[in-house]
Each structure stands twice: as structure tokens, then as C-alpha cells.
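Just so it is clear, none of the values below were taken in a lab; they were calculated from the coordinates. Computed from a predicted model, the values in this text were never measured in an experiment. We place every Cβ from the backbone using ideal geometry, glycine too, and count neighbours over all the protein chains shown.
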Amino acid sequence: MTIAAAPHVLSAEEIVSLCKQYTLYDWMAQSAADPLPVDHAKGVYFWTTDGKRYIDFNSQLMSVNAGHGDRRIIEAIKRQAEKLAYVNPFLAHEPRALLGQKLAELLPGDIDKVFFTLGGADANENAVKLARAVTGRYKVMSRYRSYHGSTGVAMAMTGDPRRWANDLGTSGVVRVLDPYHGPQREVDSAEKALDYLEETIQLEGPHTIAAFFLETVTGTNGVLIPPDGYLQGVRELCDRYGILMVCDEIMSGFGRTGAWFAVDHWKVVPDIITMAKGLTSSYVPLGAVGMRPRVAEHFEKNVFYGGLTYNSHPLACAAALGTIQAYEEDDMIGNARRMGEVMRAHHQELADKHPSVGLTRSIGLFGILELVRDRRTMEPLAPFNGTSDEMKAIAKYFREHGLYTFLRWHSIMTNPPLCITEDELNEGFAIIDKALDLADQGVRR
């Protein structure tokens, strides 16, 4: 009889070393990679292999909305794996049927059909295909302060510097400025931003534009919340010129803003909506493109020229159903709304105490602190697309004191899981409070 050997358990150092030796890390020169070796996670916390605990103040990639280790999601995946792990997307199965039905119930307005993808980037890629097929037009519009994914057209639609190395300028994408308040300019009104948008539409030729893509609430480019009237005005302009309105809710969807979808705050129904991340709380990869009947009807008699081997993957659909169950049973969307008010108060307290805090923004549990050297000039604490000694010191402090979140340029993200409690919020913000003493050292007195 052969006795199976016990599984080899790697040390923290071995895990990091092997990962760096044999795998490529995203968005960095590989010599800069310094990953944490993560072993397990529960709720709003995760632990490294050597036992250090971190409070996850960014829900990983703004995506583990239900928190870590939720048994309802895990059991849904296990049950499905035991019954049917995979069939190709030309077939039908129960999780696909039930998830499509449930999303039609939750999605805004009359959006009642979805095309499943693997994640957010290919949801946006397929949304472009849908829009071009339905309208017969080629161009798509997007905004400069945006991120839509790292593939093909999704990368081209991205406005921020991550696009620069990948965009050949041949994608048919036209970019516009979005409403913004920061170091570069004063706050834009909805009316001014809509005037810029309409002028660009007219200059490009409305008959050439298939769709306008926008993150309902901009994510990594600053948690930019649209001024009241903006989304309604975009809806009216798109209707006037026959352009499809596409809302990217990959980050802002599934409760992040304190509503099922961010567009719900402004009672606007886009023609197409893209989603991922919180759809499965990132337990299994899954994205989706939701569409209104007037979009879906085009494909009743016209071929949709798109497809993915893992479209409607049974494990992913089951994970999404388990995730939605967790959201509903624990009222996580309501908790995001209630804890969002607590987080807003923390933001204000930090702004009152620390001269380095120039701006704060939040909606639900979607938040950001913008750090500055001088509140009068709003000079950022780190340059555009860069860093600074102060931001590096803050990152080091967070790592040493057990807080995990994203620092981008001069900003600190505050995007914890939707299951977070008031005490856990207090714990995270206490660490941020101490770290901001380091930022204050860079303020010009």
C-alpha cells in the first residue's frame, strides 16, 4: 500500500521567492515586487503565512464586497463543483438560469438580459461589440479619468496613464474630460461638463459614435462622484444623438456605494451596464454585460459575434448566487449605506486634524483621501503618476501596522468590505490617523 506523503508547506520566504521567480506581477517592474504572502482570510481580515494580521481596507481590488470566507459563497461553489463543474456555453444549466433571472430582478430599470464574461475587462470588450453591432457605428467615447480594463479596446477606453504603453491610437476611442475637482481645476458643474461632452459629440460627428462609456462613480482615478444632474444629462444627450449610454459598474456595483448599483442613486437607466468584482465577491472570476430590451432585440435575428469558453461557467454562476444570498440575508447594501456615514465622519475628523488632507470623497463604502502639501494651492503630496517620500513612508507604516489598502499617487483609498462593523472601521481609521502624521511633515507651513 502506498502512503501519501504529507503536503509540503512553504514558508513565507519560499512563497514570495517562488512567486517572484516563476510568475509575473502586474503593473510594475519585477524588481519592485514585494508581495505579502497571504495564507487565509476571514471577514475584513487576512493573515500572512507567518501569522501577521491585516485589516483589508480595500476589499482587495475593491471586489471582496461580502468579506472573506463567507460560508454561503463557499458552500455554493462546493455544491456546484460536486454536481457539475463545467459545461460549454452553448448548453443550459440551473445556476445560469437562476442567476440571469436574479440579475434581471436587481438591475436598474428594464435591463433584463445579460451576457456572462470572465471579468470586468472582457465585459467592457463585449459591451463595445454589442454597441457597435446595434448602432452600426464604430467610435466609442470615454473619459480621461477612467479605467475600463487592461485588454484591447478596454485599455484604449481607459484614460489614465496605464493606457500610454498599450494604446496605438487605432481603436476608435474618443476621450473627453469628466467632472472633476482637484489640483488641476475648480469643481465642474454638471452643466459645464455636459457642454464639453456635447461639443465633443458634435465635433466628432454624432452619426459616428456608437456609445459613451463611463464609470458611474470613477474608481481608482479618484472616487469621483458625479454632480447631481450629470448622469441625467448624459442620458438625455445619448438619447438625442442615438448614442448608447454604457455604465461601467465593475467597481461601483453590488452595494459598494450603498445601493445595488451606483446609477440607482440618480435613477438613471443606461442602455448597457457592465459588472464583475462584487458579482461574486471575487471568490470565482465572473463578469457580465446587462442590456435593455432594445439592445437585446437586435440579436434575435442578428448573430452576436462574440464568445468565451468560460461564458456562464457553472461554478462562477453558483458563486454569484451565493454572494447575492449573503448580501440579501445580512443587508450588506444597507450596511454599506449606514457604515458609509460613519466613514464620512472619519474622513471629516481626519481633514479637521491633519493639514495634509486636502480633499475627501465618499459614497457608501467607496472612499478616498487626497493628500496635499498646501491646501491653498492644492499641490498634491505626490506628482501625477508618481510618488513621494511621504507616500512611501505612509505605505511602509500601513504595512508595519497591519492595514492593507491602495495608495495611488497622492491618495489613500478607503474601500472596506460591506460587512464591516463600526468598531472595525474605527480600527482601520486609527491606523490611518497615525500614518497621516507622516504626511503632515510634508506640508508647507
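Specify the residue with the greatest mean-square fluctuation among 383, 417, 108, computed from a Gaussian network of the chain linking alpha-carbon atoms under 10 Å apart. Maximum among the listed residues: 383. Residue exposure proxy: 422, 390, 82, ordered by other Cβ atoms within 10 angstrom of their Cβ from fewest to most, comes out as 82, 422, 390. What residue among 225, 358, 210 has its Cα farthest toward the positive end of the dipole of the chain, where the charges are +1 on Lys, Arg and -1 on Asp, Glu, each on the Cβ? Going by the charge dipole, the pick is 210.
For residue 408, the amide hydrogen comes within under 5 Å of the amide hydrogens of 413, counting only partners 5 or more places away or on other chains and with H modelled in the peptide plane.
Taking the average, over residues, of other Cβ atoms within 10 Å as the packing measure, peptides 350-363, 396-409, 192-205 rank 350-363, 396-409, 192-205 from highest down. Dividing the mean sequence gap of close Cα pairs (under 8 Å, 6+ apart) by how many residues the chain holds gives a relative contact order of 20 percent. Which pairs in the list 192/392; 113/277; 129/267; 52/277; 192/353 are over 30 Å apart, alpha-carbon to alpha-carbon? As for pairs spanning more than 30 Å Cα to Cα, those are 192/392; 192/353.
Placing unit charges on each Cβ (+1 for Lys and Arg, -1 for Asp and Glu) gives the chain a dipole about its Cα centre, and among 414, 103, 135 the Cα reaching farthest toward its positive end belongs to 135. Check the straight Cα-Cα distances from residue 83 and name the lysines below 22 Å, setting aside those fewer than 8 residues away within the same chain. Correct list for residue 83: 102. Within the listed set 15, 111, 324, the Gaussian network model of the chain (springs between alpha-carbon atoms below 10 Å) gives the highest mean-square fluctuation for 15. Rounded to the nearest 5, the antiparallel percentage of DSSP beta bridges internal to the chain is 65%. Put in line by how crowded their Cβ is, counting other Cβ atoms within 10 Å and starting with the fewest, 269, 303, 128 read 303, 269, 128. Across region 71-329, the mean sequence separation of Cα contacts (distance under 8 Å, 6 or more residues apart), normalised by length, yields a relative contact order of 31 percent.
In the chain, taking the dipole from charged Cβ atoms about the Cα centre, the farthest positive-side position among 151, 76, 278 is held by 151. Search the structure for amide H atoms under 5 Å from the amide H of residue 287, placed 1.01 Å from N in the peptide plane, and list their residues when 5 or more places away or on another chain. Residues meeting the criterion, in which the H sits 1.01 Å from N, are 117, 118, 119.
For the chain, the dipole from Cβ point charges (+1 on Lys and Arg, -1 on Asp and Glu) about the Cα centre works out to 680 debye, to the nearest 20.
Among 177, 244, 168, the residue with the largest mean-square fluctuation in a Gaussian network model of the chain, with springs joining Cα atoms closer than 10 Å, is 168.
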